[in-house]
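S.K.: Can you keep this structure in mind? I'll have questions shortly.
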Amino acid sequence: MGEAVDPQDKLGQIDRNLQNNIKTGDIPFLGLYSRLLDENIHKALNISLAKSRDPLSQYLVYLNNWPAISVIYLTTHVCEGFGLHGIFEVYPFIQSALQIQLPLTTSQKIKLWKKYRAACFKLGLSISSRLSGSHFMVNEYLRQSGVPIPFVGDLTDKMLRYGRIAGIPDDDDPTAIRRWQNGLSMRLLPPFSTVARQAIDLDDTGYYVRLFLKLLEKPAEPATAQSDFELRMSDAIHRQQIAAVLRRKGKSLSIAQVLWRDNQLGVELPPGEGIEWSITVGDVTTNKIGQIESRFIPFDNPLPPFVEIIGEERGSRIKTILWEDDKNNRLLIFSPSGDFVHASKLNEEPITLEPGDYQALLRFIPDGLDETIEVVRRQPSLYSLPLRLDPGQKVVLRHGPANVDLQADLKPFLLWDGVSIKGIRGNEIYCGEDLKLHALIPDEFFVEGVKYYVRFSQSARTEVLTAPLTRFQQEDASIDVSALIRNNWKPAVTRVLAEIFREGIQRPVFRSSIMVWIGLRTVRNRTHFYCASLPDNLIDDESDNLFVNRDKSTLSYRNEDNRFFRMVFNLGDVKRFIFTLPVPGIFMQLKDYSASTETERPITKGGTLSIAWNSRNVLEVSSTSKGFLKLGNFRTNLDFSKRIALSGLVEYLGPEVDTLQFIDEETGCEEDLLHLVSPHEVIAYSATHKSNLYRIRFSLSQEATEVTMKATNLLSGTCETHQLGCNRPFERPESWLRGCLTCENDNQQGIYNHDLLLSLDGWPNGAWIIDLEANMNGRWGKLSNARGDKFSAGFIILDGTISTNALSLDQDYKGIGADAQMEMLRRFNERMLSCYALESWKDLNWVEDVWHGLLDEFRGQADYASALLSFSEQPTPDETSCSWVPMRTLSAYCPELYALPARYFSKIPNAASLLIKCLSTISRMQHGLLPLFHEAILHQIFAVGYLNVHQIMRGAEPRQFDMRTYKDALKQHDLTDRMRLLRQDDWIPGAGDYLGALHYLYALEKLEQGYQDTLTGNDYRRGKALFLCRSLKHYPIPGLPTHLGNGMTHLGYFRNYDDDNLQVIQQFILEISQFLSLFARICRWEARNSGCLARFITQVKNIVGEPSQFESVFGYLLYIGKEIFGFYLLLWEAVLRTDYNTGS
């Protein structure tokens, strides 16, 4: 007779085998292990519990003796009944499994939950981190049940369809997986199973998404698949054609999201050129176009009730509830990267969050946190509060008698600690040096000698590194990541994934990843990267404005006049990491969201900007130095980049408080950035003088309670400012300013007539401009008409007598030194660039006469050419309409400046003007063109225009330029990877781009933009200008070498357009471009053959017909086409230098 087998030992062996299968498997939920439990054992347990007098106690004994068998048994019952009576109705099925007749008491439920949870943890399964809140015990059972097998097909179909719309995340990016899972859950709507959706929501490990990603790459094998669920999902994936499309294209993640960035709430559109998005905020809908990089679009409404984002892909729809009302008891929670997490209010249910860092956006100041919060805006009130929640920690925000609780889940958490650099698009790279990782593991996870370790892996690499975590480290285990990876991984910018594993268990407990620059030693000023070795996955050809010093292993920007430089890194599988940074200094960009299409334009430091309370414009300020922005009582930190809604600055404007400043955090130095004005529309205006009185009358729709008067003497630069109260006289004892301001209400017209009377007694001699600002309803603003043209008064005064004759000032500027004259010219030139209302200009036209007189003082003095050229590129005030073209410009009055020998262009003050940059490049040709090719100043393709291009490659100087050959080379140049630069408003050609295809296309697009912008109000000048261009189409230049005077003399092409299919406006653009090429050729020929410029100007004046109109028409052409003019100046100087003589 054989030896009897102890049935308990037999169950023990079965249980140990089950434990081993669970611990070594990938599946984190018990419901998917149900097939491992033999049906006979299931029945035996059922019968045994039915016979027991106390089934619950009996089951708890089984849990202790055979944890794997017991938890699978109970979970199987829950799975079978899951969802039959409601999402959270599980206890009837637990009672059935335990053979209990009466409902469980609360204490029995808690006891069972604790033992069940402990058994699950012992098996290495993922347990719920929620120890309180609604349904927290029920959620444990539902979590372990997982997605029921019958719903695998429907779930997989939803995943495939969502992947086609939103792309697919990378397995090494837990944040992207969670975002994708949340987006998927929003689409799991009835008739899809509510039970299955609940299981997806409870999956905080991302198991189902990760399994989907794994099976998408490779089908499951029946022999090795760990569950029926895996086999069914695999079959569902690979019988659909869309799966092959997702694998083949490697479609990257494309999910729009609500963000809090730079103290602004908005939407980030994912990368994708040309993709259309519809964004609805409240009842306002706008359409936006995606770009090659992600794009952040702030909301106009500071308290948007909700936002709905719809992509052009069918089904790509996200709706997020934000501020449900404007009550001051609400708050929003965002992640450290700005992702929206939760919306709530005081006295609501506790907010349960994962451990980590957060940013709270509040309508109220929590009690006791006055010093911690940052004031975002005053009306409506918004405050920002940084928060840190450790595992299990509870934070209470109180406001008077009300409060809201923030409760962190009790689960392990990883915190990266090191130097990080954040790009302008919000992405972040950690320096590989001094990088540490802190692992925070709750006490509950250290039981029965459990040990943990962290495994590190990187994208597109197979090497894996591990570091142990010991028991004494459980509160805060710190790992020196830099020491771990320094000698094991190659220098690269890569995603590093850290996963906490429990010893003996194959499933990670927690996952976190960041971008790390391995081999980066330090970063200075956020612009100079010093490496031990250069990253081997840097893609030079796709990077922009990047200077790589391979000898010193450093990277930085190449061209300081571009706002940004961009590095692109290859992450494998055609994936790219694009990292964009600003160049040193402070740059400003005005983003206009008032139209359906967002527009951007750079703002010049020191300029003037008009703002209004209902403006939808946003000012983006970028700085490589830390500091803060200040305007009166307004103050906000600036770290890298800050976006400011201009409408929120109106309330801070006031007398002498109209300049936005940057204060450097390290040095304390103050720097004026912008002069801000908020205009008031003038209904009527006049300025008169009689005897010793000067009167300015203006009518407004409301009474101006105060007016600020600023009187500037353009001769000396002195300035007097005085604040005037309405209906009372004013006098300053220490000054000569005296007068009174009155206001009368015209009830019949519904306007307020203001009368400013100034006494001229004692008024100093000079050329005076008077600018006014008015305070209406607490808002200060300049005076302007509906188009934005400004109102200013002005006069020449000599010994108390007003004069309109500029000749009376001859002795004031002719008898002084040249430097003083130049400074005076700068002030007059600035005024000539402003757009004054017609009623105002008739009293200021003497400014033009003095300006002409000052310019005549410098005629023929080449030594002052650099200063004059710098003045010629002074921008018009930012407050003026884009259709404004100054009637008189320095470049039209002094065209001979562009015909000077090249050496005079070497000292022009550096500016962002492309025309100035081209002139400066001309001055560098003194040793020929070869050095400029070798130093990557001129684009290499320019050499193709020479017939001896092959000899050039061997070191010969260029000879025999042919425009047609050059044109063909430009048109055939593949710009696929760089055309995006033309769509970036902050990009301008720099070293390495000159005379290349992008330089030409950029200049031509600027000409087209200038033409389109100035269509309004310039009909007469434009008509005259086009007639002039056509009339001189075949203008001969005597003495020019034959091959440069005949045949093709300009490029004359648009990208992607045949010459026979041009639109009418494009034909006009090319006519203007041809004229500017002709003028550039004459200017550079004049430097070699004196007299041709004078003959040309005479011919131009004859064609225009009216000598007084010459400057206006000629100035219009040079104003809208200065970039293409600069291109041709550079081209013709290079060609004449190689094919004629140096002209130095």
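The values are calculated or read from the model by the stated rules, or taken from the named source; none is laboratory data. Since we're looking at a predicted model, the values are computed, not measured. Because the Cβ atoms are built from the backbone with ideal geometry, glycine has one as well, and the counts that use them run over all protein chains shown.
S.K.: Could we say that residue 859 is under 44 Å from the mean Cα position of the chain (by Cα) and of a type in the set (Lys, Arg) here?
M.R.: no
S.K.: Now for a separate question. Could you check segment 977-1071 for helices (runs of 4 or more DSSP H) lying wholly inside it with 2 or more residues that are at pLDDT 85 or above and either touching a helix residue (DSSP H, G or I) at 6+ places or on another chain (Cβ under 8 Å) or not assigned by TED's automatic domain parsing to the domain that holds residue 1125 (or both)? Please lay out each step first, then the result.
M.R.: Working: elements: 997-1013, 1019-1031, 1042-1045.
Where helices (runs of 4 or more DSSP H) fall fully within segment 977-1071 and carry at least 2 residues being at pLDDT 85 or above and either touching a helix residue (DSSP H, G or I) at 6+ places or on another chain (Cβ under 8 Å) or not assigned by TED's automatic domain parsing to the domain that holds residue 1125 (or both), they are 997-1013, 1019-1031.
S.K.: Now for a separate question. Would you be able to say whether some residue in segment 903-926 is in a loop (DSSP other than H, G, I, E, B), among the β-branched types (Val, Ile, Thr) and under 17 Å from residue 833 (Cα atoms)?
M.R.: The answer is no, given that none of the residues of segment 903-926 is in a loop (DSSP other than H, G, I, E, B), among the β-branched types (Val, Ile, Thr) and under 17 Å from residue 833 (Cα atoms).
S.K.: Does residue 797 qualify as being more than 30 Å from residue 1084 (Cα to Cα) and either assigned by TED's automatic domain parsing to the domain that holds residue 1116 or surrounded by fewer than 19 Cβ atoms within 10 Å (Cβ to Cβ) (or both)? Walk me through how you get there before you give the answer.
M.R.: Working: more than 30 Å from residue 1084 (Cα to Cα): yes; either assigned by TED's automatic domain parsing to the domain that holds residue 1116 or surrounded by fewer than 19 Cβ atoms within 10 Å (Cβ to Cβ) (or both): no.
Criteria not met by residue 797.
S.K.: Still on this model: How many residues does segment 708-735 hold that are among the small types (Gly, Ala, Ser) and in contact with a Phe, Trp or Tyr (Cβ under 7 Å, 6 or more places away or on another chain)?
M.R.: Residues flagged as among the small types (Gly, Ala, Ser) and in contact with a Phe, Trp or Tyr (Cβ under 7 Å, 6 or more places away or on another chain) within segment 708-735 amount to 1.
S.K.: Considering only segment 1021-1031, I want to know if a residue exists there that is out of contact with any Pro (no Cβ under 7 Å at 6 or more places or on another chain), free of Cβ contacts under 8 Å to residues at least 24 places away in the same chain, closer than 29 Å to residue 602 by Cβ and crowded, with 17+ Cβ neighbours inside 10 Å.
M.R.: There is no residue in segment 1021-1031 that is out of contact with any Pro (no Cβ under 7 Å at 6 or more places or on another chain), free of Cβ contacts under 8 Å to residues at least 24 places away in the same chain, closer than 29 Å to residue 602 by Cβ and crowded, with 17+ Cβ neighbours inside 10 Å.
S.K.: So which of 757, 772 ends up being aliphatic (A, V, I, L, M), within 25 Å of residue 802 (Cβ to Cβ), within 47 Å of the chain's Cα centre (by Cα) and part of a strand (DSSP E or B)?
M.R.: 772
S.K.: Further question on the same structure: Looking at 481, 493 in this structure, which one is of a type outside the set (Ser, Thr, Tyr), in contact (Cβ under 8 Å) with a residue 40 or more places away in the chain and more than 29 Å from residue 562 (Cα to Cα)?
M.R.: The unique qualifying residue is 481.
S.K.: Further question on the same structure: For segment 816-837, state whether one or more residues are touching a Gly at 6+ places or on another chain (Cβ under 8 Å) and of a type in the set (Val, Ile, Thr).
M.R.: No: zero hits.
S.K.: Looking at 45, 112, which one is assigned to a helix (DSSP H, G or I), crowded, with 20+ Cβ neighbours inside 10 Å and at pLDDT 90 or above?
M.R.: So the residue among 45, 112 that is assigned to a helix (DSSP H, G or I), crowded, with 20+ Cβ neighbours inside 10 Å and at pLDDT 90 or above is 112.
S.K.: Still on this model: With the structure loaded, tell me whether residue 936 is out of contact with any strand residue (DSSP E or B) (no Cβ under 6 Å at 6 or more places or on another chain), under 30 Å from residue 563 (Cβ atoms), of a type in the set (Gly, Ala, Ser) and surrounded by fewer than 18 Cβ atoms within 10 Å (Cβ to Cβ) or whether it fails that test.
M.R.: For residue 936, the condition - out of contact with any strand residue (DSSP E or B) (no Cβ under 6 Å at 6 or more places or on another chain), under 30 Å from residue 563 (Cβ atoms), of a type in the set (Gly, Ala, Ser) and surrounded by fewer than 18 Cβ atoms within 10 Å (Cβ to Cβ) - is met.
S.K.: May I ask you to list the residues in segment 86-109 that are within 55 Å of the chain's Cα centre (by Cα) and part of a loop (DSSP other than H, G, I, E, B)?
M.R.: 86, 87, 88, 89, 90
S.K.: Which one is nearest to residue 493 (Cα to Cα) among residues in segment 530-576 that are among the aromatic types (Phe, Trp, Tyr) and under 23 Å from the mean Cα position of the chain (by Cα)?
M.R.: My answer is 569.
S.K.: Among the listed residues 1084, 1095, 1088, identify the single one that is of a type outside the set (S, T, N, Q) and either within 45 Å of the chain's Cα centre (by Cα) or within 28 Å of residue 1014 (Cα to Cα) (or both).
M.R.: On the way: 1095 fails: either within 45 Å of the chain's Cα centre (by Cα) or within 28 Å of residue 1014 (Cα to Cα) (or both); 1088 fails: either within 45 Å of the chain's Cα centre (by Cα) or within 28 Å of residue 1014 (Cα to Cα) (or both).
That would be 1084, the only listed residue that is of a type outside the set (S, T, N, Q) and either within 45 Å of the chain's Cα centre (by Cα) or within 28 Å of residue 1014 (Cα to Cα) (or both).
S.K.: Let me ask another. Could you please give the count of residues in segment 671-690 that are charged (D, E, K, R) and within 32 Å of the chain's Cα centre (by Cα)?
M.R.: 2
S.K.: Still on this structure, please answer the following. Identify all residues within segment 1-38 that are under 56 Å from the mean Cα position of the chain (by Cα), charged (D, E, K, R) and at pLDDT below 85; write none if there are none.
M.R.: 26, 35 - these are the residues of segment 1-38 that are under 56 Å from the mean Cα position of the chain (by Cα), charged (D, E, K, R) and at pLDDT below 85.
S.K.: Going by the conditions given, is residue 248 crowded, with 19+ Cβ neighbours inside 10 Å, at pLDDT below 90 and closer than 28 Å to residue 977 by Cα? Step through it out loud before you land on a result.
M.R.: Values: crowded, with 19+ Cβ neighbours inside 10 Å: no; at pLDDT below 90: yes; closer than 28 Å to residue 977 by Cα: yes.
Spelling it out, it is not the case that residue 248 is crowded, with 19+ Cβ neighbours inside 10 Å, at pLDDT below 90 and closer than 28 Å to residue 977 by Cα.
S.K.: So, one more: Output the residues belonging to segment 443-467 that are buried (at least 20 other Cβ atoms within 10 Å of the Cβ) and not small (Gly, Ala, Ser).
M.R.: Matches in segment 443-467: 452, 454, 456, 458.
S.K.: Now for a separate question. Check segment 1039-1062 and report whether any residue there is hydroxyl-bearing (Ser, Thr, Tyr) and more than 48 Å from the chain's Cα centre (by Cα).
M.R.: yes
S.K.: Looking at segment 566-574, can you tell me whether even one residue there is among the aliphatic types (A, V, I, L, M) and surrounded by fewer than 18 Cβ atoms within 10 Å (Cβ to Cβ)?
M.R.: So in segment 566-574, the residues among the aliphatic types (A, V, I, L, M) come out as 567-568, 571, 574.
In the following step, the residues that additionally are surrounded by fewer than 18 Cβ atoms within 10 Å (Cβ to Cβ) were identified as 574.
Looking for residues that are among the aliphatic types (A, V, I, L, M) and surrounded by fewer than 18 Cβ atoms within 10 Å (Cβ to Cβ), one finds at least one in segment 566-574, hence yes.
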